[in-house]
Amino acid sequence: MAVMVEIHFPVTADDEWIDDVGDFMIDLEREFRIEEYEDGEEIGDEYVFFIAGANERTLLRAASRVATRPGVPAGAYAMVTATDAAAVGMGRRVGLPVR
């Protein structure tokens with residue numbers, strides 16, 4: 001078990017930002033030495049990205065960079081959880097951005 005942060009965004013009619021964030025994750029992996037734990041996916045009325053491979057503070061800083069990226073929808077939040085969580089959305093909710 002390791003710390004994982006889920007980055008939740010509201011689903012929007014325009015989903016071009018999803019591919020941009022997916023590409024941006026590659027840069028974040030290098031910059032923060034994190035890993036995209038699983039591919040992003042639409043779950044209900046949210047689109048969720050999953051990151052792990054670092055401590056909670058580093059993961060939340062990376063999540064904040066994603067949430068403040070131009071073109072992404074407002075209203076993002078993070079869930080601090082574990083890589084072996086039973087379901088998505090279980091954990092502690094953290095508003096983004098985190099400073």
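The values are calculated or read from the model by the stated rules, or taken from the named source; none is laboratory data. If you're wondering where the values come from, they're calculated on a predicted model, not measured in any experiment. Positions of Cβ are generated from backbone atoms using ideal geometry, with glycine treated the same way; all protein chains shown enter the neighbour counts.
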- [ ] Quickly run through region 44-66 and pick out the residues that are more than 20 Å from D84 (Cα to Cα) and in contact with a strand residue (DSSP E or B) (Cβ under 7 Å, 6 or more places away or on another chain).
- [x] D45, E46, A62, V66
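Filter region 1-43 down to residues that are out of contact with any strand residue (DSSP E or B) (no Cβ under 9 Å at 6 or more places or on another chain) and farther than 14 Å from R69 by Cβ, then give me how many there are.
So the count comes out to 4.
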Task: Residue that is surrounded by the most Cβ atoms within 10 Å (Cβ to Cβ), among those in region 60-73 that are in contact (Cβ under 8 Å) with a residue 24 or more places away in the chain and either more than 22 Å from D20 (Cβ to Cβ) or out of contact with any helix residue (DSSP H, G or I) (no Cβ under 8 Å at 6 or more places or on another chain) (or both) - done: A63
Open item on the list: I'd like the full set of residues that are of a type in the set (D, E) and surrounded by 11 or more Cβ atoms within 10 Å (Cβ to Cβ), limited to region 28-55.
Closed with: E29, E31, E35, E36, E38, E41, E42, E46
TODO: For V21, work out the one condition from (1) among the β-branched types (V, I, T); (2) without any contact (Cβ under 8 Å) to a residue 12 or more places away in the chain; (3) surrounded by 19 or more Cβ atoms within 10 Å (Cβ to Cβ) it doesn't fulfil.
DONE: (2)
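Which residue out of E56, E46 is farther than 18 Å from D15 by Cα and either of a type in the set (D, E) or free of Cβ contacts under 8 Å to residues at least 12 places away in the same chain (or both)?
Every option except E56 fails the conditions.
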- [ ] Can you work out which of the residues in region 1-18 that are farther than 9 Å from M79 by Cβ and either surrounded by 14 or more Cβ atoms within 10 Å (Cβ to Cβ) or β-branched (V, I, T) (or both) is modelled with the lowest pLDDT?
- [x] T12
Task: Residue that is surrounded by the most Cβ atoms within 10 Å (Cβ to Cβ) [pool: residues in region 77-87 that are at pLDDT 95 or above and under 18 Å from D45 (Cα atoms)] - done: A78
